[in-house]
1. Would you check if GLY131 is at pLDDT below 95 and not charged (D, E, K, R)?
2. Given (1) touching a residue at least 24 places away in the same chain (Cβ under 8 Å); (2) assigned by TED's automatic domain parsing to the domain that holds GLY228; (3) away from the ligand (no atom under 16 Å from the Cβ), identify the lone condition not met by GLN175.
3. Going through the range 269-281 one residue at a time, which ones are part of a helix (DSSP H, G or I) and surrounded by 15 or more Cβ atoms within 10 Å (Cβ to Cβ)?
4. In the range 220-251, what residues are in a helix (DSSP H, G or I) and small (Gly, Ala, Ser)?
5. If you take the residues of the range 120-138 that are crowded, with 23+ Cβ neighbours inside 10 Å and in a loop (DSSP other than H, G, I, E, B), which of them is farthest from the ligand (Cβ to nearest atom)?
6. Given the criteria within 15 Å of the ligand (Cβ to nearest atom), within 25 Å of GLY368 (Cα to Cα), among the hydrophobic types (A, V, I, L, M, F, W, C) and assigned to a strand (DSSP E or B), does LEU213 qualify?
7. How about the range 65-108: which of its residues are over 12 Å from MET53 (Cβ atoms) and small (Gly, Ala, Ser)?
Amino acid sequence: MDFTIPEEIRMMCETIKRFVEEDIDPIWQKIEEDDEVPEYIVQKMRELGIFGMCVPEAYGGLGLDTLGECLIYETIGRANTSIRTRFSTNNGIGSLGILYHGTEAQKKKYLPDIASGKKTIAFALTEPGAGSDASAIKTVAERKGDHFVINGSKMFITNGAIADLVTVMALTDPQKRARGGITAFIVEKGTRGFSVGKHEKKMGLRGSTTTELNFEDCEVPVENVIGGEARIGQGFKTAMRVLDKGRLTLAAASVGMAQKALELATQYSKDRVQFGQPICQFQLIQGMLAQMATEIFAGRQMVYRTAWEKDQGKDVTMEAAMSKLYCTEMLGRVVDTALQIHGGMGYMKEFAIERMYRDARVVRIYEGSSEIQKIVIARELLK
Ligand SMILES: Cc1cc2nc3c(=O)[nH]c(=O)nc-3n(C[C@H](O)[C@H](O)[C@H](O)COP(=O)(O)OP(=O)(O)OC[C@H]3O[C@@H](n4cnc5c(N)ncnc54)[C@H](O)[C@@H]3O)c2cc1C
């Protein structure tokens, strides 16, 4: 294993860390209150190039390898989760389908605007009756000559309200379902029959929209099937490959967030005096700090090793699932302990740890819950 970090990635991580500390941290409460990431911050994110980290340079992206991308996700994980969420659909679940299986014409048409952040792309798989069991979707796409007519509804779609483009999974053969009956489409905002529905009110992730998307006799041309005619019916495979990659970057972001929680708790334990001394002098508190630091160290090694192996061309399905499972569960334990170290202050909205505690909860649920990761790991073990 060689985890040598290339100079340009190291410099980019430093720039992003500065961006988080100088531009995001001072306004984290404003993002919470307004439930919105200000446009000038989104513009800075565009300038940093983080909307197109994994998009090849030929299509206007940075063309980073997985390790480089994970290092940047780890760094940005230190900020409000809505910052990562704002760019992550462009950089991940929304765009990867086009990147992996799109035709050359689709890549040329869509990827440059996705990579620059000029356009936002969302990923729509989940439905009221199809969450963990994604193959149970009911949204249908019926072929009529040179176009498809989509009918159905998607829920919990990240960036759904602001998306210019959406990768939509729909049934094209209800008999075959996951085995050749689901197709991935690119639907553009403004297409007749496509509308944004209910906005969810969430526990955390303030600053990020999560919405329902509706399709009512929504006509899309055959050229909007990701991969064209040849990939009609292959959308489930596309979706699963896309989610495979997302597991690792989410694990990396969880490590970054856990590290930030540890730093906040360490500082608080040095500042807070009880029984005549800073609480960091108590061995019970020291034990908490040591446990958190050790678990973060373990999670980080899992992410780096899996990313490195992926970059060597190895199939990392099991390792990516293990990394997502461990790092997101670890984050849950770390933010809980960090809040405990803050005592009553940790329960108050003026302290960032209160927001982190709420934001951290979702990573064990989306992009494959912890239970689903265990199923993936066991399936690989029993192969
Ligand atoms: C904030 C947020 C953003 C999201 N963004 C998107 C998005 O952009 N695009 C998108 O398509 N989806 C998105 N989702 C949906 C997300 O991927 C699903 O919520 C997730 O896959 C779980 O599905 P579910 O909520 O229907 O839970 P369910 O599938 O109903 O699961 C309920 C519980 O049962 C468990 N369970 C289910 N099946 C099994 C099993 N076989 N064995 C053991 N336990 C099981 C689960 O782990 C969970 O604990 C988002 C969700 C949230 C909360």
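1. Working: at pLDDT below 95: no; not charged (D, E, K, R): yes.
It is false that GLY131 is at pLDDT below 95 and not charged (D, E, K, R).
2. GLN175 satisfies all of (1) touching a residue at least 24 places away in the same chain (Cβ under 8 Å); (2) assigned by TED's automatic domain parsing to the domain that holds GLY228; (3) away from the ligand (no atom under 16 Å from the Cβ) except (1).
3. Residues of the range 269-281 part of a helix (DSSP H, G or I): 269-271, 279-281.
Hits for the range 269-281 are SER269, ILE279, CYS280.
4. Taking the range 220-251 first, the residues in a helix (DSSP H, G or I) are 222-224, 229-231, 235-251.
Across the range 220-251, the qualifying residues are ALA230, GLY235, ALA239, GLY246, ALA251.
5. Initial filter on the range 120-138 (crowded, with 23+ Cβ neighbours inside 10 Å): 120-125, 137.
Imposing the further condition that a residue be in a loop (DSSP other than H, G, I, E, B) reduces the set to 120, 125, 137.
Values: THR120: 12, LEU125: 4, ILE137: 10 Å.
Among those that are crowded, with 23+ Cβ neighbours inside 10 Å and in a loop (DSSP other than H, G, I, E, B), it is THR120.
6. Answer is yes for this residue.
7. Hits for the range 65-108 are GLY77, ALA79, SER82, GLY94, GLY97, GLY102, ALA105.
Okay, residues lined up against (1) assigned by TED's automatic domain parsing to the domain that holds PRO221; (2) free of Cβ contacts under 8 Å to residues at least 60 places away in the same chain; (3) not basic (Lys, Arg):
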site	(1), (2), (3)
TYR110	no, no, yes
GLU127	yes, yes, yes
ASN151	yes, no, yes
ASP164	yes, yes, yes
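The values are calculated or read from the model by the stated rules, or taken from the named source; none is laboratory data. Just so it is clear, the structure is predicted and the values come from calculations on it, not from any experiment. Every residue, glycine among them, receives a Cβ derived from its backbone with ideal geometry; neighbour counts consider all protein chains shown.
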